[in-house]
1. Compute the separation of the alpha-carbon centres of region 114-138 and region 6-76 and state it in Å as a whole number.
2. For each pair in LYS33/LYS95; LYS32/LYS151; LYS5/LYS38; LYS38/LYS95, compute the distance between the two Cα atoms and list the pairs where it is over 28 Å.
3. Residues with amide H under 5 Å of THR153's amide H, sequence separation 5 or more or different chain, H placed in the peptide plane at 1.01 Å from N; which?
4. Work out how much length LEU137 to ALA220 would gain on full extension: take 0.36 nm times their residue separation and subtract the Cα-Cα distance, in nm to one decimal.
5. Give the aspartates and glutamates whose C-alpha is closer than 20 Å to that of LYS62, dropping any in the same chain fewer than 8 places away, or say none.
6. Is the shape of region 77-175 rounded, prolate or oblate, going by the alpha carbon gyration tensor and its root eigenvalues a ≥ b ≥ c, with a/c under 1.5 for rounded and a/b larger than b/c for prolate?
7. For percent of Cα pairs over 25 Å apart, several values are listed as [x] 51; [y] 42; [z] 48; flag the one computed from this structure.
8. What distance in nm separates the two pseudo spin-label positions at GLU208 and TYR192, each 7 Å out from Cα along the beta-carbon direction?
Amino acid sequence: MIQPKIIEKQSDITTPEIHGNDHLLMVLPAVKKIAQLKGAPLLDILQARMGRRGVKLEELKKSPLSSDLDQGALVTWLMFDPQLPAFEQHTVMRKAIQSLMAEHPQSITIAVSGTAEQRRQAAETAIYCTLVNSALLPERKKKDERKPLQKITVHGHQSDNAYLAQRAQAAGNTLSRELTMLPANELTPGLYRERIRKLAKEENWKYEEFDLKRLRKIGAGAFVAVAQGSEEEDA
């Protein structure tokens, strides 16, 4: 499963870097007053956009706000609150990512700010949600013209292990969603076993198969009952 390349930059995003990107996600720390964001890039544009839409600062915790920049780029802001439940954190991050992914970009730039801990949590959540929401799930169209996201650039945080946990969780999430979307004729027990064998080989897992005869012998009735749902005895 191929994932986008992740580039990390410890330093905050600069104006030239903003102008050099077409799809930007600005993840702000949870604050109560706009003055506490002094020095944040594109703050004047954010304030103007909030004023025009009548949006209060605290609303950015649940509803991202987007705007086009003069050079044609699309920027989306959200306020990341680590005190919110993980589900709510992922929900607002997903909304922000989807606003960018709607244009099918080849790269996305994420800028996080705040304390070191706020940056870490925001970056990890943003990376996970970007990987999950940029994955191309199976489609049955005759011609699939979708192009995958190729690169994610993170400004403001340097991870310890290149987001290993987030990339693994996203890969597992995507695999599960792919399997649930496949029709029965593409996911028979035999085809499912082929996928497992391939995955085991790629990940260097030990792999052992129990056919129906052996399952019956060891009394694995639940597995046998499920396997009988397939017309072919290939479980």
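The values are calculated or read from the model by the stated rules, or taken from the named source; none is laboratory data. This structure is a prediction, so every number in the text was calculated from the model and none was measured. Every residue, glycine among them, receives a Cβ derived from its backbone with ideal geometry; neighbour counts consider all protein chains shown. These area figures cover heavy atoms from the full protein model, side chains too; ligands, DNA and RNA do not enter into them. Shrake-Rupley method; radii C 1.70, N 1.55, O 1.52, S 1.80 Å.
1. Rounded to whole Å, the Cα centres lie 16 Å apart.
2. Among LYS33/LYS95; LYS32/LYS151; LYS5/LYS38; LYS38/LYS95, the Cα-Cα distance tops 28 Å for LYS32/LYS151; LYS5/LYS38.
3. Amide H neighbours of THR153: ILE7, ILE108, THR109, ILE110.
4. Using 0.36 nm per residue and subtracting the Cα-Cα distance, I get 26.6 nm.
5. Leaving aside aspartates and glutamates fewer than 8 places away in the same chain, those within reach of LYS62 are ASP81, GLU88, GLU124.
6. prolate
7. So the calculated entry is the one marked [x].
8. It works out to 2.0 nm between the two label points.
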